[in-house]
Amino acid sequence: MSDRSTGTAVVFPYWPENPFLNIAYLALRADGWTISEQRDLAGFLDAVAVAAPGDVVHLHWTSLLVQNAPDEREADRRLATVVRALTDATGRGVRLVWTVHNRLPHDCPWPRQEIELSRAIVGLSSAVHVMSAQTRDVVADVVDIPLEKQAIVPHPSYEGLYDQAWTRDEARGSFGLGPAEKTVLFFGHIKPYKGVSTLLGAIGTTGATLLLAGHVSHADRLTTEALVPSDATVHAHYGYVPDDDAGRWFAAADVLVVPYAAILNSGSIHLASTFGLPVIVPGFAHLVEQFRDEPWVVFSDPEGGEEGLAAAIDAFAPSDDLRAAARRYALRYTPYAMSTDMLALYDSLSV
């Protein structure tokens with residue numbers, strides 16, 4: 001246990017099934033912190049109201065604070081309520097931490113309110129947690145993160161969290177894939193901002209096989225199914241993939257494709273490295289800066305649309321060297337390392 005007193009961290013939103021959140025608070029829990037897991041706005045506000053001096057309010061994805069308001073008037077009301085609650089809390093000695101996951105929420109019907117909220121949160125925060133040095137520049141048009149508040153704790157791999165017992169041959173055999181059949185994977189929530197339509201448009205021209213797996217709404221599933229090219233081979237699972245089956249999908253693929261139209265951080269990249277799988281990501285400047293020295297990370301033209309993504313898939317050549325490079329990257333920064341760095345960040349708040 002550290003040499004400072006511990007307390008309660010009110011975390012919002014906290015989904016127990018989210019591996020990133022579970023990783024982030026491992027060392028804090030072991031050190032004696034109580035993690036108050038909040039999933040809805042009302043419960044969060046109640047928890048903030050009773051937070052004591054020395055406690056921490058830790059915000060993650062902010063869209064649930066304002067963006068699901070049914071109209072602009074309600075969005076303004078929620079904005080005022082949240083800012084007032086956070087102002088009152090910090091005024092009595094509660095520390096505020098914000099982990100920046102996105103420049104703006106992907107579904108953002110009320111951008112003015114979101115920008116005002118972001119600026120208020122940064123103003124009240126004791127620390128703003130970012131996962132790369134590039135974050136500050138990417139979000140600068142939305143909010144200025146003072147350097148003295150910036151705390152860089154990188155995104156970890158998911159080493160040790162997933163079953164890696166599947167061999168490549170076994171996994172590919174489960175999908176009926178041939179030994180030389182180039183196979184690309186999309187894994188995660190299937191949503192419009194994630195560029196699945198671009199990937200589906202590209203896959204039909206490449207001759208590659210697509211593995212498509214992830215939770216999807218009914219409406220987005222219908223849209224996605226209608227976009228699947230008739231001449232493409234697509235193995236799709238529309239729904240949650242159990243943790244003990246995730247390894248089969250990654251072991252079967254040659255490369256993970258991250259075709260997002262907008263991205264700040266991506267857990268998918270780090271999950272792929274955990275399984276030793278190379279990735280194709282859009283060549284946004286901040287990602288190029290972050291991963292330029294990693295041979296297992298391949299960049300597609302972010303402005304190239306379907307043709308640019310197809311070109312990157314066509315040019316990709318699977319190799320054991322790339323898979324080994326991805327595994328080495330995963331072992332450099334593990335969940336344990338990240339959780340202890342988060343504990344160190346909390347400890348620094350009392351200095």
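Read-outs throughout are calculated quantities, based only on the coordinates presented, and are distinct from any laboratory measurement. All values reported here derive from a predicted model rather than from experimental measurement. Neighbour counts are summed over all protein chains in view; Cβ atoms, including those assigned to glycine, are modelled from backbone coordinates with ideal geometry.
For segment 89-130 versus segment 317-351, the inter-centroid distance based on Cα atoms is 25 Å. 3J(HN,Hα) couplings calculated from phi for segment 37-43 with the Karplus curve 6.51 cos²θ - 1.76 cosθ + 1.60 (θ = phi - 60°) are, in sequence order, 8, 10, 10, 10, 4, 4, x Hz; Gly and Pro show x.
Counting other Cβ atoms within 10 Å as a rough exposure proxy, the listed residues Phe316, Phe186 run Phe316, Phe186 from fewest neighbours to most. Residue separation of Glu148 and Ala30 scaled by 0.36 nm, minus their Cα-Cα distance, works out to 39.7 nm of gained length.
Taking packing as the residue-averaged number of other Cβ atoms within 10 angstrom, the listed peptides 55-65, 271-281 run from highest to lowest as 271-281, 55-65.
Pull out a ≥ b ≥ c, the square roots of the eigenvalues of the alpha-carbon gyration tensor of segment 168-332, then state rounded if a/c is under 1.5, prolate if not and a/b is larger than b/c, and oblate in the remaining case. Rounded.
Summing charges over all other residues whose Cβ lies under 14 Å from the Cβ of Ala171, with Lys and Arg as +1 and Asp and Glu as -1, gives -3.
Determine, for each peptide in 249-259, 235-245, 126-136, 319-329, the mean count of other beta carbons within 10 angstrom over its residues, then list the peptides with the highest first.
Numbers: 249-259: 24.9, 235-245: 13.9, 126-136: 20.5, 319-329: 16.5.
By packing density, highest mean first, the sequence is 249-259, 126-136, 319-329, 235-245.
Under 5 Å between amide hydrogens, built in the peptide plane, is the criterion, and for Gln150 it picks out Val128 among residues at least 5 positions away or on other chains.
For Leu256, the amide hydrogen comes within under 5 Å of the amide hydrogens of Leu185, Val279, Ile280, counting only partners 5 or more places away or on other chains and with H modelled in the peptide plane.
Looking at the chain, which longest stretch skips every one of the GluC sites (Glu not before Pro) that is in a DSSP loop with at most 11 other Cβ atoms within 10 Å, leaving the sites themselves out?
Details: sites that count: Glu17, Glu148, Glu303.
Free of exposed loop sites, the longest segment is 149-302.
Contact order, relative form, for segment 119-231: 20 percent (alpha carbon pairs under 8 Å, 6 or more residues apart, mean separation divided by residue count).
Distance from the alpha carbon centroid of segment 251-276 to that of segment 297-312 works out to 15 angstrom. Using the Cβ-Cβ distance between Glu17 and Arg92 with R0 = 56 Å, the FRET efficiency computed as 1/(1 + (r/R0)^6) comes to roughly 0.95.
FRET efficiency for the Glu289 to Arg332 pair, using the beta carbon distance and R₀ = 25 Å, is estimated at 0.90.
Rg to Rh for segment 222-273: what is it, with Cα atoms only and Rh by Kirkwood? Before the final figure, lay out each step's value.
On the way: Rg = 13.0 Å, Rh = 13.4 Å.
A ratio of 0.97.
Calculated mean residue ellipticity, 222 nm, the chain: -12500 deg cm²/dmol, from DSSP H runs (n ≥ 4) at -39500 (n - 2.57) each, averaged per residue and rounded to 500. Quick check: the angle from helix 335-348's long axis to the longest principal axis of the chain, C-alpha only, nearest 10 degrees? Result, in degrees: 20.
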